[in-house]
Amino acid sequence: MSFQGYLRNIEAKTGTTPDQFRQLATAKGFANAGGIAPGIKVSQIVNWLKADFDLGHGHAMAIVASIKGAKGSTRA
């Protein structure tokens with residue numbers, strides 16, 4: 001499955017877009033305009049996504065990649 005396919009499946013499951021996940025992560029202090037906030041571990045974000053959105057590990061990692069600004073994400 002492509003990266004965009006992962007993001008589409010996540011949005012279909014949760015009703016939340018990658019940009020909305022980025023905003024939520026920023027509100028929780030996990031992210032900033034440059035990506036993942038200093039001092040934040042990927043596992044903290046993954047655990048949040050699993051607990052609050054019932055995402056599996058692979059889908060959670062796709063959101064982490066999107067927050068980091070991975071190629072193919074919708075981040076401008």
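Net charge dipole, segment 3-68: roughly 140 debye, given to the nearest 20, about the Cα centre with Cβ charges of +1 for Lys and Arg and -1 for Asp and Glu. Gyration tensor over the Cα atoms of the chain: the corresponding equivalent ellipsoid has semi-axes (square roots of 5 times the eigenvalues, largest first) of 17, 14, 11 Å.
Annotation: amide H-H contacts under 5 Å for A31 (H modelled 1.01 Å from N, sequence separation of 5 or more, or interchain): T26, A37.
List the relative contact order of the chain as a percent without decimals, with contacts defined as Cα pairs under 8 Å and 6+ residues apart.
Values: 64 pairs, mean separation 28.8, N = 76.
Relative contact order, the chain: 38 percent.
Applied to segment 56-69, the Karplus parametrisation 6.51 cos²θ - 1.76 cosθ + 1.60 on θ = phi - 60° returns per-residue 3J(HN,Hα) values of x, 4, x, 5, 4, 5, 5, 5, 4, 4, 5, 4, 5, x Hz, with x for Gly and Pro.
Quick note: the coordinates plus some simple rules give every number you see, no bench work behind them. Note that the coordinates shown come from a computational prediction; the quantities given were computed from them, not determined experimentally. Ideal geometry is used to build each Cβ from the backbone, glycine not excepted, and the neighbour counts take in all protein chains shown.
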